[in-house]
Amino acid sequence: MKKTAIIIGFGLMLLASCTKDYTCQCTFTDSTPTTPLDDFVSETVITGKKNDVRTTCERGSEVSGYYATTCVIK
């Protein structure tokens with residue numbers, strides 16, 4: 001019984017610690033017809049589980065008129 005509890009506890013620790021560092025890359029694009037600016041790229045490191053990090057990163061994406069920000073995990 002004691003061995004089973006230790007094995008289960010160790011297995012749960014392995015499953016719970018599946019976090020990594022991921023890079024969230026956001027690209028700001030200006031498509032103004034008069035004088036568009038060059039694209040601007042920024043990167044941020046986010047630590048967590050892949051699905052949680054993807055959700056957090058993609059929240060930074062938006063489109064507003066001639067401006068767009070696109071964020072993806074690299």
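Worth a mention:
- Remark: spin-label model distance residue 29-residue 55 equals 2.7 nm, labels positioned 7 Å along the Cα→Cβ axis.
- Relative frequency of Cα-Cα separations exceeding 18 Å in region 19-73, percent: 37
- Ranked by the mean number of other Cβ atoms within 10 Å per residue, highest first, peptides 46-52, 19-25 order as 19-25, 46-52.
- Phi to ³J(HN,Hα) by Karplus 6.51 cos²θ - 1.76 cosθ + 1.60 over region 25-31, Hz, x for Gly, Pro: 10, 10, 10, 9, 10, 10, 10
Bear in mind these aren't lab numbers, they're just calculated from the coordinates by the rules spelled out. Keep in mind that what you see is a predicted model, and the values were worked out from it rather than measured. No Cβ is skipped: glycine too gets one built from the backbone with ideal geometry, and neighbour counts run over all protein chains shown.
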